[in-house]
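S.K.: First, the structure itself, so that you have it in front of you.
The values are calculated or read from the model by the stated rules, or taken from the named source; none is laboratory data. Only a predicted model underlies this, so the values are computations on that prediction, with no experimental measurement involved. Virtual Cβ from ideal backbone geometry, glycine too; neighbours counted across all protein chains shown. These accessible areas exclude ligands, DNA and RNA; they are computed on the full protein's heavy atoms, side chains included. Shrake-Rupley method; radii C 1.70, N 1.55, O 1.52, S 1.80 Å.
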Amino acid sequence: MSYENPLHRDLAGRAAVVTGAASGIGEAVAVLLAARGARVALLARRGERLEAVAGKIRADGGDALAVVADVTDDTSVARAAERIRAAYGPADLVVNSAGVMLANPVDDGRIDEWQRMIDTNVTGVLRVVRAFTGDLVAAAADGRAADLVNVSSVAAHLSAFPHYAVYAATKAALTHLSQCLRTEFGPRGVRVTNVEPGLTDTELRTHLDNPELAGQLEGLFEAVGGLSPEEVADVVAYVASRPRRVNLRQVVVLPTAQV
Ligand code: NDP
């Protein structure tokens, strides 16, 4: 299903930054924002994947910039922001989709996985927020729309899945962070939206290194049927294209059969 309507360029003039744009939800968001007229900077670690997505956007008439960046690295994020500002000027639509989901019994003590998830899913978002806060506040002060969209997860509210405790905790932190940031950004005209998808068909689940848990998750996808990344991207484009005084604070988007 395609949500891309070439006549519907309601994001023309926007300068967007999308983290995690090498695959999945971030890739679909980047493609859709570009199709709706935004200039889009794509961030992730895999340069070849970013170039391929950016190339696809340009072939379809859009404007895209591939920027290799690791959200767990302060300098990498700061340099990416400089490069984006040099190319597009200040960003006014920042989408944090970079994330990792790793799962194992807590007894295994996988501090490597815990640190990676916390540093990517929480501190990584904060690094990006730090890099672009000035841009967003300035855009709003100019009377333009300015958006920070964080891709959290319905996992922020679920405690019935054993072995995903740390992932769920990072998403609960992100959901709460989004809500608290509204108190700093909202009065200055910057919208903050927290999007919580349910099961979505991406490569996220392929990073599990526990075969039993990977099998369980596959079974859940077969039973429920995941959303497509494009269906989640449609929500992001929707919230960013509302009149600027309208802020969808929290959107939970689930496959209909997921309870
Ligand atoms: P993907 O694995 O397809 O996308 C994750 C993206 O994040 C990749 O493009 C990856 O690119 C990037 N990434 C990972 N680590 C880093 C890093 N250190 N620096 C920069 N980029 C990084 O999965 P999804 O699209 O599903 O995940 C996107 C978001 O959606 C995540 O935050 C996830 O938690 C959330 N989510 C996903 C759900 C699902 O069922 N799929 C459900 C609910 C929420 P690269 O490896 O090249 O850096």
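S.K.: Which values of log₁₀ I(q)/I(0), to two decimal places, follow from the Debye formula for segment 103-156 at q = 0.12, 0.13, 0.16, 0.26 Å⁻¹ with a uniform point scatterer at every Cα?
M.R.: So the normalised log intensities are -0.44, -0.49, -0.64, -1.03.
S.K.: Okay, moving on. With a cut-off of at most 11 other beta carbons within 10 Å, and DSSP calling the residue loop, which GluC sites (Glu not before Pro) in segment 144-232 qualify? Please list them.
M.R.: Of the GluC sites (Glu not before Pro), the ones in loops of segment 144-232 whose Cβ has at most 11 other Cβ atoms within 10 Å are E203.
S.K.: Report the semi-axes of the equivalent ellipsoid for segment 95-245 in whole Å, largest first, where each axis is √(5λ) for an eigenvalue λ of the Cα gyration tensor.
M.R.: That gives 31, 18, 11 Å for the three semi-axes.
S.K.: Moving to a separate point now. By how many degrees, between 0 and 90 and to the nearest 10, does the Cα long axis of helix 47-59 differ from the longest principal axis of the chain?
M.R.: The answer is roughly 50 degrees.
S.K.: Over 18 Å apart: what share of the alpha carbon pairs of segment 1-125 falls there, rounded to a whole percent?
M.R.: Pairs farther apart than 18 Å: 52 percent.
S.K.: Would you mind working out the accessible area per residue for the chain, using a 1.4 Å probe, and quoting it in Å²?
M.R.: Per residue, the chain has 45 Å² of solvent-accessible surface.
S.K.: Give me the accessible area of M101, 1.4 Å probe, in Å² rounded to the nearest 10.
M.R.: For M101, solvent-accessible area is about 20 Å².
S.K.: List the residues whose amide H sits under 5 Å from the amide H of T193, counting only those 5 or more places along or on another chain, with H placed 1.01 Å from N in the peptide plane.
M.R.: L148, V149, N150
S.K.: In degrees between 0 and 90, to the nearest 10, how far off the longest principal axis of the chain does helix 24-35 point, with axes built from Cα atoms?
M.R.: For helix 24-35, the angle is close to 20 degrees.
S.K.: Could you order H8, H157 by accessible surface area, starting with the largest, using a probe radius of 1.4 Å?
M.R.: H157, H8
S.K.: How many nm separate the modelled label positions at F161 and R83, each set 7 Å beyond the Cα in the direction of the Cβ?
M.R.: Output for this residue pair reads 3.2 nm.
S.K.: In whole percent, how big is the carbon plus sulfur part of the accessible area of segment 4-145, probe 1.4 Å, protein atoms only?
M.R.: 51 percent
S.K.: In the full protein assembly as shown, how much of R83 is accessible to a 1.4 Å probe, in Å² to the nearest 10?
M.R.: Looks like 120 Å² after rounding.
S.K.: Can you give the FRET efficiency for E51 and E218, using 1/(1 + (r/R0)^6), R0 = 30 Å, r = Cβ-Cβ distance, to the nearest 0.05?
M.R.: Details: r = 30 Å, r/R0 = 1.01.
Result of the calculation: an efficiency of 0.50.
S.K.: Now for a separate question. Assuming a viscosity of 1.306 mPa s and a temperature of 10 °C, what translational diffusion coefficient in µm² per second does Stokes-Einstein assign to segment 8-75, Rh being the Kirkwood radius over Cα pairs? Don't jump to the answer; show the numbers that get you there.
M.R.: Numbers: Rh = 11.5 Å.
Roughly 138 µm²/s, to the nearest whole number.
S.K.: What translational diffusion coefficient, to the nearest whole µm²/s, does segment 193-259 have by Stokes-Einstein, given a Kirkwood radius computed over alpha-carbon pairs, a temperature of 20 °C and 1.002 mPa s viscosity?
M.R.: 160 µm²/s
S.K.: Still on this model: Based on DSSP H runs of at least 4 residues, each adding -39500 (n - 2.57), what is the mean residue ellipticity at 222 nm of the chain after dividing by all its residues, to the nearest 500 deg cm²/dmol?
M.R.: Only helices count here, giving -14000 deg cm²/dmol.
S.K.: Hey, another quick one. In the calculated pair distance distribution of the chain, what percentage of Cα-Cα distances lie above 31 Å?
M.R.: 19 percent
S.K.: Could you go through segment 90-104 in sequence order and give the Karplus-derived ³J(HN,Hα) for each residue, using 6.51 cos²θ - 1.76 cosθ + 1.60 with θ = phi - 60°, rounded to whole Hz, and x for Gly and Pro?
M.R.: x, 7, 10, 8, 10, 10, 8, 10, 4, x, 10, 10, 10, 9, 6
S.K.: Give me the net charge of D63's neighbourhood, meaning all other residues with Cβ under 11 Å from the Cβ of D63; Lys, Arg count +1, Asp, Glu -1.
M.R.: Surrounding charge for D63 is +2.
S.K.: Taking all protein chains together and a probe of 1.4 Å, list V259, V94 from the most accessible to the least accessible. Provide the component values of the computation, followed by the final result.
M.R.: Values: V259 165, V94 0 Å².
Descending accessible area places them as V259, V94.
S.K.: So which residue, out of L43, L33, L102, gets the largest mean-square fluctuation from a GNM of the chain using Cα contacts under 10 Å as springs?
M.R.: L102
S.K.: Taking the convex hull of the Cα atoms, report for segment 131-206 its projected area averaged over all directions, in nm².
M.R.: 6.1 nm²
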